[in-house]
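Quick notes on the structure that follows.
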Amino acid sequence: MVDNRSTFNLTEQPWIPVRTGGTVRRIGLRELFEKAHEIEDLAVPIPPAAAALWRVLYAITAQITGLNTALNSSDPDVDGWMAARNAVLERGALSAELVAEHFTSNRSKFYLFHADRPWMQEPRLIEECLVASGVNKLVAGRPAGNNQVWFGHFSDVEPQPIPAGEAVLHLLVQLYYGPAGKCTARRIAGHAESNSTKGVLRSTTSFHPIGANLFESLVAGVPGPPANADASIDRCGWEQPLLDPLGPPPEPTWPGGLLTGRSRHAVLLVPDATGTLVTDAYLTWAWRAPSVEARDPYLVYDTSREGRAYPRPASSDRAVWRDLDSLLLRASVDSGAAPRRPALFDGLARLPSEVRDRLRLAAYGFDQDGQTRDRQWFSASIPPVLRHLEEHDPITAIHIGELHRAAEAVGRRLQHCLGDAWRDVTSAASREKDRGGPWPVRAAQHYWPSAEREFWSRLRTGDVDADPWVFQQLAHRAIDAALSPTDEADLRIARAVDLARRRLSRVLTKETR
């Protein structure tokens with residue numbers, strides 16, 4: 001029988017989808033870093049898996065380039081670290097010798113099914129869990145138990161195994177975006193617990209720089225050191241020792257621990273006899289004690305009224321351009337909160353201008369609730385906009401924020417006015433059943449795409465300080481699109497909608513000053 005512990009090493013086995021030209025292929029970690037300057041981009045089809053994988057790749061990039069140690073812990077010199085980062089970029093490629101040395105010396109850490117230390121997994125689960133969770137529980141998008149069908153028809157009666165390479169991506173989704181609440185029971189020291197806390201990226205949108213090639217993206221994406229960084233104690237998730245699950249979780253050291261070592265879930269993959277397929281999995285809690293708070297460098301943070309910072313929740317109904325001012329400005333004012341842009345962007349502002357100005361941004365979001373419900377994942381590409389970072393073009397950055405707030409104010413009042421109009425012409429029973437009715441939904445479906453086109457048109461022409469009242473015109477067109485021919489023929493509806501139009505214009509005069 002083949003020893004499945006040694007059949008799948010992430011260093012050599014092809015599992016990462018990458019794109020070069022019009023071709024997508026799968027490669028291993030070693031080839032990815034050796035040829036990063038020849039590869040255009042990742043081609044991971046699952047957005048939350050892509051967001052998690054980028055963090056893994058950034059951590060490895062820091063180790064290969066020495067950026068994880070280019071900081072004197074006794075006298076942190078962030079300026080010196082930025083200079084070292086830019087010097088790596090100037091080389092145009094990673095050193096083949098350093099890549100080979102890294103993966104040769106660390107090859108044993110990248111076995112997916114190693115009996116003692118499988119990559120990013122908890123080997124003790126086979127003893128501590130009485131039953132496995134099932135492969136359907138592992139695969140994002142598959143129904144498990146009595147949950148509803150999402151992306152395909154699968155049954156726990158006849159679970160379908162998945163290739164080992166694909167299982168790695170789903171492993172990452174579970175480690176970063178896993179649910180809170182009921183999970184497979186794990187027994188430690190005679191005491192069993194069967195609930196977990198949510199993953200560190202659950203219900204968030206990540207923003208990542210995309211350069212001219214994968215090499216540029218990887219180096220630009222390594223986050224700068226925080227003020228209290230001590231690289232001498234840093235460990236990636238696959239390097240951390242197996243600690244007592246009832247004790248304190250490891251602290252989020254920079255950069256490897258912060259990016260790859262904060263999972264609240266423990267996972268163990270079960271391979272088939274050949275080590276090419278995953279047939280089952282254990283998914284349960286990793287820690288009982290809370291983790292040390294740490295800000296992820298790729299997320300926008302909003303501020304509550306009490307002054308608490310929290311990651312901006314992902315919403316599949318919200319286009320990413322509406323977050324653009326929260327990326328460009330160090331701190332902006334949005335709906336009464338004071339967002340903090342991703343910490344990575346402080347470092348992007350200090351890139352050489354020829355690199356910074358060509359960087360695109362990739363957004364990866366997973367619209368989830370805080371417990372177990374997964375609604376929708378999404379991805380989006382933002383064209384090069386970093387020339388407008390507040391540090392380099394504060395006037396445009398401020399105007400972008402003003403333009404966005406004008407669009408938001410119009411969209412918000414459009415919803416309220418049409419909702420009130422619907423309630424004015426419907427019965428009490430219908431008002432309770434339909435709440436705001438169909439008009440606000442129809443209008444939003446028309447308004448927001450139109451507002452996005454207007455926004456990007458202005459940004460391309462540099463006309464971001466122009467009169468924002470164009471959004472009011474778009475709102476009135478959205479009202480037209482929301483009404484059916486039957487609605488327009490009804491005199492009561494016509495009067496209610498006319499009142500809504502007048503209220504819309506009157507309120508906007510106050511909100512968009």
(Q) When you scan segment 181-199, do you find a residue that is crowded, with 22+ Cβ neighbours inside 10 Å and touching a Pro at 6+ places or on another chain (Cβ under 7 Å), even just one? (A) no
Q: For residues that are part of a helix (DSSP H, G or I) and farther than 19 Å from Leu172 by Cα, tally how many sit in segment 31-67.
A: 10
Q. Quick one: which of Arg453, Arg458 is open to solvent by less than 70 Å² (accessible area, probe 1.4 Å), out of contact with any strand residue (DSSP E or B) (no Cβ under 8 Å at 6 or more places or on another chain), of a type outside the set (Phe, Trp, Tyr) and within 19 Å of Ala397 (Cα to Cα)?
A. Arg458
Q. Out of the residues in segment 252-291 that are more than 22 Å from Ala231 (Cα to Cα) and under 18 Å from the mean Cα position of the chain (by Cα), which is surrounded by the most Cβ atoms within 10 Å (Cβ to Cβ)?
A. His265
Q) Which residue out of Leu246, Leu258 is among the aliphatic types (A, V, I, L, M) and outside any loop (DSSP other than H, G, I, E, B)? A) Leu258
Q | Residue list for segment 220-251, restricted to those being open to solvent by 30 Å² or more (accessible area, probe 1.4 Å), more than 26 Å from the chain's Cα centre (by Cα) and among the small types (Gly, Ala, Ser) | A | Ser232
Q. So which residues in segment 256-284 are out of contact with any strand residue (DSSP E or B) (no Cβ under 8 Å at 6 or more places or on another chain) and modelled with pLDDT of 95 or more, if there are any at all?
A. Gly256, Gly257, Leu258, Leu259, Thr260, Gly261, Arg262, Ser263
Q) Among the helices (runs of 4 or more DSSP H) contained in segment 71-140, which hold 1 or more residues that are free of Cβ contacts under 8 Å to residues at least 12 places away in the same chain? A) 78-91, 96-105, 125-128
Q) When you go through Val464, Val441 one by one, which is the residue that is within 33 Å of the chain's Cα centre (by Cα), of a type in the set (Val, Ile, Thr) and buried (at least 18 other Cβ atoms within 10 Å of the Cβ)? A) Val464
Q | Complete set of residues in segment 363-408 that are among the small types (Gly, Ala, Ser) and more than 22 Å from Leu344 (Cα to Cα) | A | Gly370, Ala406, Ala407
Q) Would segment 285-294 turn up any residue that is of a type in the set (Asp, Glu) and either at pLDDT below 95 or farther than 30 Å from Leu130 by Cβ (or both)? A) yes
Q | Glu402 vs. criteria at pLDDT 85 or above and open to solvent by 30 Å² or more (accessible area, probe 1.4 Å) | A | yes
Q) If we keep just the residues of segment 139-162 that are closer than 18 Å to Val44 by Cβ and open to solvent by less than 60 Å² (accessible area, probe 1.4 Å), which is modelled with the lowest pLDDT? A) Arg142
Q.
Yes or no: segment 363-384 includes at least one residue that is outside any strand (DSSP E or B) and aliphatic (A, V, I, L, M).
A. no
Q: Look at segment 388-399 and say how many of its residues are part of a helix (DSSP H, G or I) and buried (at least 19 other Cβ atoms within 10 Å of the Cβ).
A: 4
**Q.** Out of Phe103, Phe110, Phe207, sole residue that is more than 26 Å from the chain's Cα centre (by Cα), under 30 Å from Pro223 (Cβ atoms), at pLDDT 95 or above and open to solvent by less than 10 Å² (accessible area, probe 1.4 Å)
**A.** Phe103
Q: Can you confirm whether segment 322-339 contains a residue that is within 30 Å of Glu90 (Cα to Cα), in contact (Cβ under 8 Å) with a residue 60 or more places away in the chain, crowded, with 22+ Cβ neighbours inside 10 Å and of a type in the set (Asp, Glu)?
A: yes
**Q.** helices (runs of 4 or more DSSP H) fully within segment 428-495 counting 3 or more residues that are under 20 Å from Ala319 (Cα atoms) and at pLDDT 90 or above
**A.** 438-461, 470-482
(Q) As an exercise: evaluate Ala294 against (1) without any contact (Cβ under 8 Å) to a residue 24 or more places away in the chain; (2) under 17 Å from the mean Cα position of the chain (by Cα) and give the number of the one condition it does not meet. (A) (1)
(Q) Filter segment 197-239 down to the residues that are aliphatic (A, V, I, L, M), out of contact with any Asp or Glu (no Cβ under 7 Å at 6 or more places or on another chain) and within 19 Å of Arg85 (Cα to Cα) and list them by number. (A) Ala212, Leu218, Val219, Ala220, Val222, Ala227, Ala229, Ala231
**Q.** The one condition in (1) over 26 Å from Pro45 (Cβ atoms); (2) out of contact with any Gly (no Cβ under 7 Å at 6 or more places or on another chain) that Asp234 fails to fulfil
**A.** (2)
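The values are calculated or read from the model by the stated rules, or taken from the named source; none is laboratory data. Everything quoted here is computed from the prediction, not taken from an experiment. A quick note on method: Cβ atoms are made from the backbone with ideal geometry, for glycine too, and the neighbour counts reach across all protein chains shown. Accessible surface areas use protein heavy atoms only, side chains included; no ligands, DNA or RNA. Shrake-Rupley method; radii C 1.70, N 1.55, O 1.52, S 1.80 Å.
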